[in-house]
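I have placed the structure first, in the form of structure tokens, so that the comments after it can refer back to it.
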Amino acid sequence: GPLPPRSIAEIFECAGTLLMLHGTAFSPELDRSQCQKLALSACGQFLKERLDPTTSSSNLASEASGTPGKNATSTASSVETLPQRTGKDGNSDPKASGLEGIAAELPLSFLDGILESSTLFGVSFPGDPSDLASRELLGNFVKENFDKFIIHVKTILIRRSEPFASPAPAEDETVGDGNAAIAANSNTNHHYRKHKHDETKDTSHDRDEEEQESKEDANFLQISLALAHLLRSVRELASGLALPEVGLDVSLASTLVDQTVELTEMLVRRRVVVKFYGLREVVVKECLGSLVREVVKSGHGSEKETKEENDVDATSPGNTEEGKGDESDGEPSKTLAEMVQLANVALSDGLQMADDLIRATLQRSQLTGVNNASVVAPVDSAVVKLAVQKNARLFGVWLATSLEQLVGCEPSENDQVILEIVDDDSENDSSDKKKKIVLPKNESDDDEFLSTSSSPSYSRKNSAEDIRKVEASRLLANLVVQLDDEASDQAYSDFLLAVCEMCRLAERSIANTLNQSIQSAMDQESRVAESANTLFASSINPHRKGKDVLDADNILAKRFQLAASRALAMYIMNRGAQAASELCANIYDLSDACDPYAIPSQPRDECCKLFEIIKTSCVDCISIVGGDLFVAPVSPFPDDDALYGDVFGNRLTQHPAGGGATSAGAPRGLQLDVERMFIEKTPVLPHSLDELNLTRNSVVSGIFRVALASFLECARSSIFSSLGYRQMKVDAIFVRYLMPHFVKDEFGTPDANACTCLFNTIDDIVLMAGQRCVDPEVVGDDEYYDAEKDEIVTPFAIVQQFLLTGGNNVGGDSAGDILMKRISFS
């Protein structure tokens, strides 16, 4: 068959010959327009075969096998005649022309082929400059072939920008250690928690990561040089296409440059994203991981393990010395102030790592090892600055989300997707209701890769950013499991409050800190008086200046405000769960009906444990935000039963306010429904978007709500004997008497009905106990006959006597004082 053309010049020589034969006896009946289309189509096919790697590989395979399907001689000659970039001596070797590394892999000679085709088109088909059809035909040819070229180059650069899959083969021992570490991390969480890695393996793994990072930096330096050469070649192409000999529009030539600049900016932004994903992984390892380890160490591990060790020591005399040795080696429990300090140090360390990364990215001085002064930087500093600003914001949002996951919140990829159920009376909400934290819409992590996905041979499945993102999520999940399994109850509660304070500190400082890092790095970069020999330009394009404010919409501040509220909500629910566990302990013993005439002697000790938890929570809040430890001193117990209604309420005393005759018993039926219509209600658990204030009154009232609501549900599922109902009545009076010492109604705030709602819950608990009592006759009867003393006692008198004697039969002022010091601040 006929041989393929060996050069672009041959194509236009044939096309010109066909045009010269037009109108003669040897004419193939092809007019000027058809000859132009035929020439440009042949040029496009000629360039495509030299660009498509599959075609080249098939040609090489046919040459090796000797198959006659491809003419080896013609293929070799056609490759030889492709326009090549030459050095000063005329050599066509890419290295001889100054191209090395990744830059040598770019088919820049393809651009020379486009320019040669366009020039020969104007020479072979001279005509009127106003011939729009010819110019449009040539413009489409240039645009289509340049699109093929830019997609091919994008694929090469994206592949070469991926991290190295494994270290060099010479480091077999190091690779083995790294694989062992990866295998250890993939084991069960129990194995991950109980066994430490060998120090030599950790050191080797860290060394491998440093070498990997240095290789990636050197690789991206080569990519930056390749991009600079690419942009220079495209600008030369655009200049050649704008010459009068070619006659293309300047707008089309500038479009080619814009496409190349867009590619370079996309790769720069992608590099910044990968760096910040690596920062996330380091922050989880070095900052959050160290904080979690300190929390686990605090208090000698979990309370369960401590109890088991004590049991072993008590039953095994031979292990006594070992037990003492373990206790002496353990670290003492850290106070809340120390825990808050550790959390703040972790935040400071994380921001310092972000500052180092920002400066390393924005400062051009880190790549001064390149001495090629002829390289023109394709991207200015403003583009890099905008990319750093965006990823710094995303880093802050990720950090807030990670802290929420550490305290037990569910991971949320999109905070905008929330199922909101609004009450029918929401339109009557007053200003004292809790405010919602509305987050502005933020950029997505995947925005930078929308243009990347246009590359046909690129997949993000195993890309650098996805690998590091998954690794950071895996490490964070391990920390959550480690906290849940190993941290003691007290240490975990302190950790929740410390994270809340950590988020409150970040709310005030993180945006300003990151913004100062960016501005400082840009100012220092602008003072460097040396030529731009890297990817980052020496001057800022005035048309590409970005915002000087990192967080103009206060996204970071609101995000950490929400994280602080959620951490505080988790602290409230954690403490409330502990208190509810104490209140509900042994409640099923109150269903024992062996002695229908038995009466309680004092409130249950579980009620005292409830106030111990409340008291500890008050101290925790005051140690962080300051203020008063309590609302008011414990008031004297009323001596006159006529005053019980003023102190304990009408529903609990079943007396009208100010004394009077006894009511007809507990409210029932329609009367109860009417009373409930006017009872103040408040949600037990905070909403995920509620703005919670770190105040003593807000926290303590929240803990009371969770504990009492749980106690109410426990009473709803229980059955009470006559003794059990009377015991519940005594407990309710005792809790209600001490509650105003810790909680109050703060009018004009979200806690306007904090104490009132708790009183209503206590009344509901007593009402539920009466409904679940097997002896209806004792419900509403507050006069108990004590057969041993032959006297009538009331639940109020039982509580009063308990406060005076502290539960001791001997009594005395000292016993009562000891009790009050245990459960109150009075």
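With q set to 0.16 Å⁻¹, the log10 of I(q)/I(0) for the range 245-288, from the Debye formula over equal scatterers at the Cα positions, is -0.59.
Each label was represented as a point 7 Å from its Cα along the Cα-to-Cβ direction; for His687 and Asp466 these points are 3.8 nm apart. Length available on full extension from Tyr588 to Ser635: 0.36 nm per residue minus the Cα-Cα distance, which gives 13.7 nm. A simple spin-label model places pseudo-atoms 7 Å from Cα toward Cβ; at Arg293 and Asp781 they are separated by 6.6 nm.
Could you compute the net charge surrounding Gly626? Neighbours are other residues with a C-beta less than 15 Å from the C-beta of Gly626; K and R count +1, D and E count -1.
Details: positive: Arg504, Arg696; negative: Glu501, Asp620, Asp628.
Result for the local shell: -1.
With the simple model of a label 7 Å out from the Cα in the direction of the Cβ, Asp249 to Lys37 spans 2.2 nm. A simple count of charges around Leu723, restricted to other residues whose Cβ falls under 9 Å of its Cβ and scoring Lys, Arg +1 and Asp, Glu -1, yields -1.
Grab the Cα-Cα distance for Lys143 and Ser348, subtract it from 0.36 nm times how many residues apart they are, and report the gain in nm with one decimal.
Details: separation 205, 0.36 × 205 = 73.80 nm, distance 5.14 nm.
Here the answer is 68.7 nm.
Given 0.36 nm per residue, what is the gain on full extension from Ala242 to Thr616 after removing their alpha carbon distance, in nm? All intermediate terms of the calculation are to be shown ahead of the outcome.
Working: separation 374, 0.36 × 374 = 134.64 nm, distance 7.94 nm.
Taking 0.36 nm per residue and subtracting the Cα distance, the gain is 126.7 nm.
Using only Cα coordinates, the Kirkwood hydrodynamic radius of the range 756-798 works out to 12.0 Å.
Only the coordinates and a few stated rules stand behind these numbers; no lab work does. What you are looking at is a predicted structure, and each value in this text was computed from that prediction instead of being measured. Note that we place each Cβ from the backbone using ideal geometry, even for glycine, and neighbour counts take in every protein chain shown.
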